[in-house]
Each structure stands twice: as C-alpha cells, then as structure tokens.
Amino acid sequence: MAVFGCKAKKQLVVRKADSAVVNKPTVNPALAKITAIKSKQVLFNTFSGRAKTKLTFDGKSNDVTLNIRIQHGKKIWVSITALLGIEVARALITPDSIQVINRIQGVYIKKPFSYVYTYANREVNYLTVESLLVGNAITELLNENSKVETAASGNTTISGSLQNLVYNLLIGADFKVTRTSFANAAARQSLQVTNGQFIQADGRIIPSQISINSVVQNKSIQAELEYNRTEFNQVLEYPFSIPARFEPAN
C-alpha cells in the first residue's frame, strides 16, 4: 500500500525566543576602561635596561648612561657612567631608603626614602618610581573616582584629584600610557612624564623613550632616557657598598 511505502516527513520545529526578560549586568564604561588599562600593565620580577640619558639637575646638564636594574617591589639599582664608560655615581633605592655614592666627589648619601621629596612630589612612592621606569600607569591614579574620557582617536584621558594632588593621564588606543602629569599647586610641586617610541621586549610593550620633568619649589630634575637594551626576568646582581674613605655629603 502506497500509504505505508512512504516515509513521513519530519516536521521542522520553530525555535521561539524566550519571552522571559533577562536582566544583563550593567557595565560601567569608565571602570571597564580602567580595568583594560590595568590588564596592559607590564608585569615582571626583574628588569634591566641601559639608557642613554640627558640628566639635568637645577639647570646643569650632563650626558650619561644609566644602567638600571629592578627587583620588583624590593630595590632599584642604578649605575651612572660618563664618557669611556667610567662610573661616576651609583644609587640603591628601596621602599624605605635611598643611598647614593658620588665617585667624583668622594661623598655619599644615606637617607630614608623621603629624601626623594627634595626633587619629587610627596605623593611619589617607591612603586611610583618603578612604574615610571617601565612605562606603567601609576596604580593609585587608576581609581573609580577618576573622570574617564575617550576621544574619537581612541585616546583616553583619566583625570581627577587625590588628596592635594591633581592628576591627568593620557592613554593611547593600545591602553599604554603616553603621558602622566600631576601637580600640587599649593606646595609648588609638579611631575610630568612622557613616553614614546614603544618597543617589544621579551613579550612586553614598553616605551624606549621616557622624558621625566619634576619640580619642587626652586629645585628641578629632568631626565631624557632612551633605552637601547632591555631585559626582563633575568638573574641580576645589585652590588652596592660605600667605600670607607668616602664622607657624608653636606
């Protein structure tokens, strides 16, 4: 019988959308942007870099080479060499101290970290210095109270105030920091850092050019760094000792 010789056609099932209302979590665009910037921060255990540098203290400039070594969260070691690779000074910075030996004058400085405030804002801490040397955003400035504005170009401006500090960050479309500036007008303190010519180093994106300009009342320091060698997570040494013949600096 024909009726039994034909297979019944399968009926297509029409899938209807669920009529139930699903409440999607509200996304705060500003916080989402800050989270994205944090995700692009350079993470490391150790960092070493060599940078040709124009170093200016209170208007007096010198062309030097900075050899920088960082053990994250613990110490920053810097050797300053002049012509022919002769070391003229060495520094060791920790979260609670700063030591400097000046081989030209035969003197040394051994001070608490607060000595940095001679040339920098009081809001600067040890991790701030680390961040600036590898092109990271300063963590304290990436907070939920910041004003976040994104331009059509993709650049983002983050601004706000923290205690007596007014800050402004310019972030590129790639979420890397292009410029950091903050100031305390009442204390006549300001710091501006500009990053440029980003490079890839051991799988990380960092600026090869860093310009630092710090002013505290009538004192100022400028450093124009150009990295020509960078490495991450290598085993490093941080030799530092004060020669017995050296005297404390005045």
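The values are calculated or read from the model by the stated rules, or taken from the named source; none is laboratory data. All values derive from a computational prediction rather than experimental measurement. A quick note on method: Cβ atoms are made from the backbone with ideal geometry, for glycine too, and the neighbour counts reach across all protein chains shown.
Please determine whether any residue of segment 112-127 is surrounded by 14 or more Cβ atoms within 10 Å (Cβ to Cβ), hydroxyl-bearing (Ser, Thr, Tyr), within 26 Å of TYR227 (Cα to Cα) and at pLDDT 95 or above.
Yes: segment 112-127 contains one or more residues that are surrounded by 14 or more Cβ atoms within 10 Å (Cβ to Cβ), hydroxyl-bearing (Ser, Thr, Tyr), within 26 Å of TYR227 (Cα to Cα) and at pLDDT 95 or above.
Would you be able to say whether some residue in segment 131-142 is over 28 Å from ALA91 (Cα atoms), without any contact (Cβ under 8 Å) to a residue 24 or more places away in the chain and in contact with a strand residue (DSSP E or B) (Cβ under 9 Å, 6 or more places away or on another chain)?
Taking segment 131-142 first, the residues over 28 Å from ALA91 (Cα atoms) are 142.
If we keep only those that are without any contact (Cβ under 8 Å) to a residue 24 or more places away in the chain too, we end up with none.
No, segment 131-142 contains no residue that is over 28 Å from ALA91 (Cα atoms), without any contact (Cβ under 8 Å) to a residue 24 or more places away in the chain and in contact with a strand residue (DSSP E or B) (Cβ under 9 Å, 6 or more places away or on another chain).
Check segment 177-185 and report whether any residue there is exposed (fewer than 13 other Cβ atoms within 10 Å of the Cβ) and farther than 28 Å from GLU87 by Cα. Walk me through it before giving the result.
Keep residues of segment 177-185 that are exposed (fewer than 13 other Cβ atoms within 10 Å of the Cβ), which gives 185.
Right, trim to farther than 28 Å from GLU87 by Cα and you get 185.
Checked segment 177-185: at least one residue is exposed (fewer than 13 other Cβ atoms within 10 Å of the Cβ) and farther than 28 Å from GLU87 by Cα.
Assess whether GLU231 counts as being under 20 Å from the mean Cα position of the chain (by Cα) and buried (at least 16 other Cβ atoms within 10 Å of the Cβ).
Values: under 20 Å from the mean Cα position of the chain (by Cα): yes; buried (at least 16 other Cβ atoms within 10 Å of the Cβ): no.
In short, no.
Which numbered condition in (1) touching a Lys or Arg at 6+ places or on another chain (Cβ under 7 Å); (2) crowded, with 18+ Cβ neighbours inside 10 Å; (3) aromatic (Phe, Trp, Tyr) is the only one that TYR108 fails?
Going through (1) touching a Lys or Arg at 6+ places or on another chain (Cβ under 7 Å); (2) crowded, with 18+ Cβ neighbours inside 10 Å; (3) aromatic (Phe, Trp, Tyr) one by one, TYR108 breaks only (1).
Restricting attention to segment 150-171, report how many residues are of a type outside the set (Ser, Thr, Tyr) and assigned to a loop (DSSP other than H, G, I, E, B).
Keep residues of segment 150-171 that are of a type outside the set (Ser, Thr, Tyr), which gives 151-152, 154-155, 158, 160, 162-166, 168-171.
From what is left, the residues that are assigned to a loop (DSSP other than H, G, I, E, B) are 151-152, 154-155, 163-164.
Adding up the residues that qualify gives 6.
Closer than 25 Å to LYS40 by Cβ, surrounded by 14 or more Cβ atoms within 10 Å (Cβ to Cβ) and not basic (Lys, Arg): does that describe SER146?
On the way: closer than 25 Å to LYS40 by Cβ: yes; surrounded by 14 or more Cβ atoms within 10 Å (Cβ to Cβ): yes; not basic (Lys, Arg): yes.
Considered against the rule, which asks whether it is closer than 25 Å to LYS40 by Cβ, surrounded by 14 or more Cβ atoms within 10 Å (Cβ to Cβ) and not basic (Lys, Arg), SER146 comes out as yes.
Of all residues in segment 143-155, which are at negative phi, in contact (Cβ under 8 Å) with a residue 12 or more places away in the chain and out of contact with any Gly (no Cβ under 7 Å at 6 or more places or on another chain)? Show your work before the answer.
Looking only at segment 143-155, we keep the residues that are at negative phi, and these are 143-153, 155.
If we keep only those that are in contact (Cβ under 8 Å) with a residue 12 or more places away in the chain too, we end up with 143-148, 150, 153, 155.
Across segment 143-155, the qualifying residues are ASN143, GLU144, VAL148, THR150, SER153.
Could you tell me which numbered condition GLY135 fails, if it satisfies all but one of (1) of a type in the set (Gly, Ala, Ser); (2) exposed (fewer than 15 other Cβ atoms within 10 Å of the Cβ); (3) touching a Pro at 6+ places or on another chain (Cβ under 8 Å)?
It fails just one condition, (2).
Would you call LEU169 closer than 19 Å to THR194 by Cα, buried (at least 18 other Cβ atoms within 10 Å of the Cβ) and modelled with pLDDT under 95?
Working: closer than 19 Å to THR194 by Cα: yes; buried (at least 18 other Cβ atoms within 10 Å of the Cβ): yes; modelled with pLDDT under 95: no.
The answer is no for LEU169.
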